[in-house]
Amino acid sequence: DSGVTQTPKHLITATGQRVTLRCSPRSGDLSVYWYQQSLDQGLQFLIQYYNGEERAKGNILERFSAQQFPDLHSELNLSSLELGDSALYFCASSVRADDTEAFFGQGTRLTVV
Amino acid sequence: GQQLNQSPQSMFIQEGEDVSMNCTSSSIFNTWLWYKQEPGEGPVLLIALYKAGELTSNGRLTAQFGITRKDSFLNISASIPSDVGIYFCAGLVSGTYKYIFGTGTRLKVLA
């Protein structure tokens, strides 16, 4: 158990819908990262937050947005969902923004039908 | 999106054999990481490398940061069944906090 909690574990939704994925980082970690892993693919970095502020941005679609709240949990919002958005979405956390040792959650498996 | 080239894509080996995999990029990285992902789990960090030429071990695992800073290697000695999983390399893009992940090497160990 990495200490990073992601909910829900599984999500099935229809095209065009909007979903919110939630991540609770490890206790004491200020930095949260979101990654997308499509079938048989590596992880694509989406976005990083540090202490409530956006720190780095990857290949995140405009239909996707994220935020980190004062209690440091983070949410990834995916809207106007398309079939191709079906993937595993991972959250990771670390103490500092530049930490190499980021701990990953178990992921949320999103299926868009 | 940008990804690192990781090879081989998959490996089937006998228990007890040594394993080698590598990761190459056209870009220079300041940090290389190696992760292992088991089914239904998130990636777990195995080894972190911070300096060109650095060789670091973690039990039966040894990783090296290539001299050119564009590649990295992971070796697993005397493989055991629990080594099964997908191994990912990741490089830290210079001047950013962004990590780029490799496409993964899927390892299967036959007892």
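We did not get these values from a lab; they are worked out from the coordinates using the rules stated. Being a predicted model, the structure only gives us computed values, none of them experimental. Counting neighbours? That spans all protein chains shown, and the Cβs are built from the backbone with ideal geometry, glycine included.
Structural remarks
- Segment A:Val95-A:Asp71, length gained on full extension (0.36 nm per residue, minus Cα span): 7.2 nm
- Once both labels are positioned 7 Å from their Cα atoms along Cα-to-Cβ, the gap between A:Gln17 and B:Glu38 label points is 3.2 nm.
- GNM top mover of A:Arg26, A:Arg63, A:Arg55 - chain A, alpha-carbon springs below 10 Å: A:Arg63
- Ordered by the number of other Cβ atoms lying within 10 Å of each residue's own Cβ, fewest first, A:Asp29, B:Asp18 fall into the sequence B:Asp18, A:Asp29.
- For chain A, built as a Gaussian network whose Cα springs stay under 10 Å, the top-fluctuating residue of A:Glu62, A:Glu75, A:Glu54: A:Glu62
- With the simple model of a label 7 Å out from the Cα in the direction of the Cβ, B:Gln14 to B:Tyr50 spans 4.1 nm.
- Build a GNM of chain A with springs between Cα atoms under 10 Å apart, and of A:Phe69, A:Phe90, A:Phe103 the one that fluctuates most is A:Phe69.
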